[in-house]
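Quick notes on the structure that follows.
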Amino acid sequence: MSLPKTLAEDVARNLVMVARLIDEDPEEAYAYARIALRLASRVAAVREAAGFAAYATQKYAEALAEFRAARRMTGSADLWPVMADCERGLGRPERAMAMAGEPEVQKLDKAGQVEMRLVAAGARRDMGQIDAAIVTLQSPELASNSVQSWTPRLRYAYADALLEAGREDEAREWFGKALEADKDGSTDASDRLAELDGVEFVDVLGDDDPTGADVADEVAPRDEDASGDRDDEDDVRDDADLDDGQDDDEDDDQDGSVKA
């Protein structure tokens, strides 16, 4: 569907803001998506953007409705995995599992199929089927040494499932493999490894003292003798200031001026 030039520009500006803010400020991105939706609800790209903005703010019912609308407009199966994940978000993992077995999955590219596998494994875990979740994630993509965009998340999900199953040594190995592939820091695999190794992170600044004053006091305790010397010096300065003040008063009296 084509839009008048001015309207198309307004819609485009709002979609740009959605893309820019969705990771850092999803609520603000959602607000821009709603504006775009009011302007051009019959444009598939707008419905899709609105769906992702709703999904980022955990408005899963709304997101699912927008994704379904976009899919009807385009006929594409690309949104199938995120639609299934919305079902999980709505507390319906069995529906997500049913979607994982639908013909639409075969229409997905490799990245989409891996994403669907991740969603299906998550649905298994939602239903308490941890061993089935582990088996779901075992795939040629997981075993491959080739690093793709989905590799860190796939390895991470596998490690997390292993850890839930009590297979800690294997989990540590796969968190390590996820970290090796995660050049962009898309997972917290390094933190999970540290936790498994018993490393604790301590906030040395404290929540209420961003300046670190408490830490400075602990590192350099107050020297009582030195403070005493400073007090003596301050007394001398005060006496000198007092004498100066008296001299000024005498001068003022001699000049005949009166202080208020």
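A few points about this structure:
- Backbone phi angles across the stretch 154-165, fed through the Karplus curve with coefficients 6.51, -1.76 and 1.60 (θ = phi - 60°), yield HN-Hα couplings of 5, 5, 5, 4, 5, 4, 5, 5, 4, 5, 5, 7 Hz in residue order; Gly and Pro are listed as x.
- Most to least packed among 90-96, 179-185, 29-35 [average Cβ atoms within 10 Å]: 29-35, 90-96, 179-185
- When peptides 102-109, 16-23, 49-56 are sorted by average Cβ neighbour count within 10 Å, with the highest value leading, the order is 49-56, 16-23, 102-109.
- The stretch 26-131, accessible surface, carbon-and-sulfur percent (1.4 angstrom probe): 46 percent
- When each of K59/K107; K5/K110; K5/K107; K110/K183 is checked by Cα-Cα distance, pairs over 30 Å: K5/K110; K5/K107
- In whole percents, the pair-distance distribution calculated for the stretch 1-149 from its alpha-carbon pairs, binned every 5 Å from zero, is 2, 10, 16, 18, 18, 14, 11, 6, 3, 1, 0.
- Residue-normalised accessible area of the stretch 44-152, given per residue in Å² at a 1.4 Å probe: 47 Å²
- Kirkwood hydrodynamic radius computed over the stretch 123-180 comes to 11.3 Å, based on all pairs of distinct alpha carbons.
The values are calculated or read from the model by the stated rules, or taken from the named source; none is laboratory data. From a predicted model like this one, the values you see are computed outputs, not experimental measurements. Every residue, glycine among them, receives a Cβ derived from its backbone with ideal geometry; neighbour counts consider all protein chains shown. Note: accessible area is taken over every heavy atom of the protein model, side chains too, but ligands, DNA and RNA are not part of it. Shrake-Rupley method; radii C 1.70, N 1.55, O 1.52, S 1.80 Å.
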